[in-house]
Amino acid sequence: MRLHLAAAALAGLTIIGGNGAAKAQSFAGGDREFLTLQTENDLFANVTNTDRHYTNGLQAAWLSRPQTDLPEWLTDFSSPPVYSLLFPTGNFDKKSHRIGVALGQAIFTPDNTQTTAYQPNDRPYAAWLHMTFSLQSVRASSVTGEAWQDQWKLDLGVVGPAAQGEFVQNNWHKLIGADEANGWRHQIQDELGVNLSFERAWRSSTFDTPRLFGLQTDFIPYTLISLGNVQTHAGLGGTFRFGFSLPDDFGPTRVYPGTGAEWFEPTEQGCNCYLFAGVEGRAVARDIFLDGNTFRDSPSIDKRSFVYDAKLGAVFVLWDTRVSYTHVFRSREYDGQPTPDQFGSIAVNFAL
């Protein structure tokens, strides 16, 4: 998808949302649970049947209703004290804790998927199949309107042939009549993956933004850290939103790497629609999809230590459903990468 066409489409979607509904009065999604289905693919960016680099991501996620019987140690752990010294939570009188589980898969390929030969100067084939267990906490002040969202995620899964990247990609290609990828024999080998990540996002008067053309705006900064044999990185980002009536949530979700939240504020009538843009930078210490296996020889490529994403997108909240599209521009991730990457992300969230 070309950028100017995407921008025009997004502008049109904002106009459609012109009768936007008032914000829901419930706190942090109310007493609802949420189901999310999400797909990411470079097809959405290139409108061709080519595969390159991060080429496909799939995820199905469930987020519980607010939990009132979680162990005290777990609710205390939800907002780590050391982290709060650097990025204070502030004063709050409302809080909500939810737990979640997700099943996801990510697939990576080199530029040339037609050759059967090993390509030492390109990123290797790789797949990652995992379960994600999450603890999501929202704290807010009814006095100042400020809110903070903390998310812990524990990923448990496997990288390598057992992740079934070849099976999923090539059987999908057979179904749609596209060429198969022929180099999967050179993929990163089987390895159990364990990753723990934490993200804090907040809405604060410190980041107040003015109205533009009579429409509401806001800016939601966030920080993230990930530790494990799959991905180890630290990052900082922010999302700017622009619409008729911005909801009191933290924006749409992503699969790889995951940010945002599955919960949202349903509308009682009409469509609550908005546009958003953002940027995120990550300092990367380890990325198994580039560095290769941890304890054995495998295909690998020299990664770059700093990666950034820029994103544009649109969100529609219609009654109990939220639909979002995010177009991601990702900087070069390894030495010798000819061009930056683009891919699209579509998420559909249901309030149950």
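Here, each number is a calculation from the coordinates, and none is a lab measurement. Keep in mind it's a predicted model, so treat the numbers as computed, not measured. Because the Cβ atoms are built from the backbone with ideal geometry, glycine has one as well, and the counts that use them run over all protein chains shown.
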In degrees, nearest 10, range 0 to 90: what is the angle between the Cα axis of helix 165-176 and the longest Cα principal axis of the chain?
90
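Normalized C-alpha radius of gyration of segment 3-351, against 2.2 N^0.38 Å? Numbers along the way, then the final one.
On the way: Rg = 20.3 Å, N = 349, 2.2 N^0.38 = 20.4 Å.
Expressed relative to 2.2 N^0.38 Å, the Cα Rg reads 1.00.
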List the relative contact order of the chain as a percent without decimals, with contacts defined as Cα pairs under 8 Å and 6+ residues apart.
20
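Determine one quarter of the surface area of the Cα convex hull of segment 92-245, which equals its mean projected area, and express it in nm² to one decimal.
13.1
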When the dipole is taken about the Cα centre of segment 3-351, and only Lys, Arg (+1) and Asp, Glu (-1) are charged at their Cβ, what size is it in debye, to the nearest 20?
460
Quick one: angle between helix 3-16 and the longest Cα principal axis of the chain, in degrees between 0 and 90, rounded to 10, please.
30
Comparing Arg286, Arg330, Arg211 in a Gaussian network model of the chain (Cα, 10 Å), the one with the largest mean-square fluctuation is Arg211
Under the Kirkwood approximation for Rh and a Cα-based Rg, what ratio Rg/Rh is obtained for segment 247-352?
1.10
From the square roots a ≥ b ≥ c of the eigenvalues of the alpha-carbon gyration tensor of segment 119-159, which class results: rounded (a/c under 1.5), prolate (a/b over b/c), or oblate?
oblate
Coordinate range along principal axes, alpha carbons of segment 243-287, Å, largest first:
46, 18, 14
For segment 332-345, in order, what is each residue's ³J(HN,Hα) by Karplus, 6.51 cos²θ - 1.76 cosθ + 1.60 with θ = phi - 60°, in whole Hz (x at glycine and Pro)?
4, 9, 8, 5, x, 5, x, 9, x, 9, 9, 7, x, 10
Dipole of the chain, positive end: most advanced residue of Val138, Ile176, Pro66 [Cβ charges, Cα centre]:
Val138
Square roots of five times the Cα gyration tensor eigenvalues for segment 111-195, Å:
39, 16, 13
Rounded to whole Hz, the Karplus (6.51, -1.76, 1.60) HN-Hα couplings of segment 271-281, x for glycine and proline
10, 9, 10, 7, 9, 8, 8, x, 8, 9, x
How big is segment 206-285 on each of its three principal axes, counting only the C-alpha atoms and giving the largest first in Å?
46, 26, 18
Lys303: which aspartates and glutamates have alpha carbons under 14 Å from its alpha carbon, excluding same-chain residues fewer than 8 sequence positions away?
Asp122, Asp287, Asp291, Glu333, Asp335
Net charge, Thr132 excluded, C-beta distance under 14 Å - Lys, Arg +1, Asp, Glu -1
0
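Where does the charge balance sit around Asn112 when Lys and Arg score +1, Asp and Glu -1, over other residues with C-beta under 12 Å from its C-beta?
Value of the local net charge: -2.
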